[in-house]
C-alpha cells in the first residue's frame, strides 16, 4: 500500500543535540511538507519542497534544516538552535504543488521530547 | 502567517444528534479550503477539498459548505456516531501550501 512513513514514532534527545526525523513516501508525490503541532495550536509549516533538490522555508523554519535529494525522502533536522524543539512533527505530501483538487497525505507523526 | 480560525475548540454530542462547526479564513486570494479528520493515534485523513463559492460536498453523514466571499466554511455531521469522534481540521490553501486552523475536537457520547 502506498503511504508516508515517519520514523521513529517517539524520540528523546538531550538538549543541545541535533536530531533527524525521517519521512519517506512511495506515492510518487512531487511535493512534501513538514508541520509542527503544539497543544492548542494549528499545524504550523516548517519547510516544504515542491521538487527534488529544492525546498522553501515555511512560517517557523528557524532552528530547522531539510534536504530533498530523492523524491521519496524529506528528512527534517532539528538543530540545537531551535529554542523549543519538544513537539509533535507531521510530514505530508501532495501529488503536485499546483494540484488543488486532492488533499494532502499525512504520515503518523514523530513525537520529539528534548530533556 | 494567515489566520484560520475554527470554532468551537471542542464539543460533545450525544449519539444520534447532529452538529456543525465553523472554519473562518481570509476572503481574499482564495484557492481552496481543505477539511481533514484526525482520529487519535492515526494520521489526518482528507475529507474534502472545496474550491468554488457555494460548493457543497458530502461524504456519508458528513457534509461541508463554503462561502468564499465572506470567508467561512461549515462542516456538518448528521446523526453522530461514536466513530465520528475526532479532531476536524480546516486548512486554507495559498501559495502552494496550507495554513491550518487549530481544529474542532468532537466527542460523541453513546
Residues of region A:27-36 being farther than 16 Å from residue A:77 by Cα and either assigned to a strand (DSSP E or B) or in contact with a strand residue (DSSP E or B) (Cβ under 8 Å, 6 or more places away or on another chain) (or both), in sequence order, are A:27, A:29, A:30, A:31
Among residues of region A:1-24 being part of a strand (DSSP E or B) and more than 12 Å from the chain's Cα centre (by Cα), the residue nearest to residue A:72 (Cα to Cα) is A:19
Yes or no: residue A:81 out of contact with any helix residue (DSSP H, G or I) (no Cβ under 8 Å at 6 or more places or on another chain) and part of a strand (DSSP E or B)?
no
Those residues of region B:33-48 which are within 7 Å of chain A (Cβ to nearest Cβ), surrounded by fewer than 21 Cβ atoms within 10 Å (Cβ to Cβ) and in a strand (DSSP E or B) amount to B:46
Reported set for region A:58-77 where residues are in a strand (DSSP E or B), within 12 Å of the chain's Cα centre (by Cα) and farther than 20 Å from residue B:100 by Cβ is A:65, A:73, A:77
Residue B:20 fails exactly one of (1) part of a strand (DSSP E or B); (2) surrounded by 15 or more Cβ atoms within 10 Å (Cβ to Cβ); (3) more than 11 Å from every other protein chain (Cβ to nearest Cβ), namely (2)
Scanning region B:75-100 for residues that are within 14 Å of chain A (Cβ to nearest Cβ) and either free of Cβ contacts under 8 Å to residues at least 40 places away in the same chain or in contact with a helix residue (DSSP H, G or I) (Cβ under 8 Å, 6 or more places away or on another chain) (or both), the one surrounded by the most Cβ atoms within 10 Å (Cβ to Cβ) turns out to be B:97
Checked region A:97-115 for anything at pLDDT below 95 and more than 9 Å from chain B (Cβ to nearest Cβ); matches are A:99, A:114, A:115
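The values are calculated or read from the model by the stated rules, or taken from the named source; none is laboratory data. This one's a predicted model, so the numbers in the text were calculated from it and none came from an experiment. When we count neighbours, we look across all protein chains shown, and the Cβ atoms used for this are built from the backbone with ideal geometry, even at glycine.
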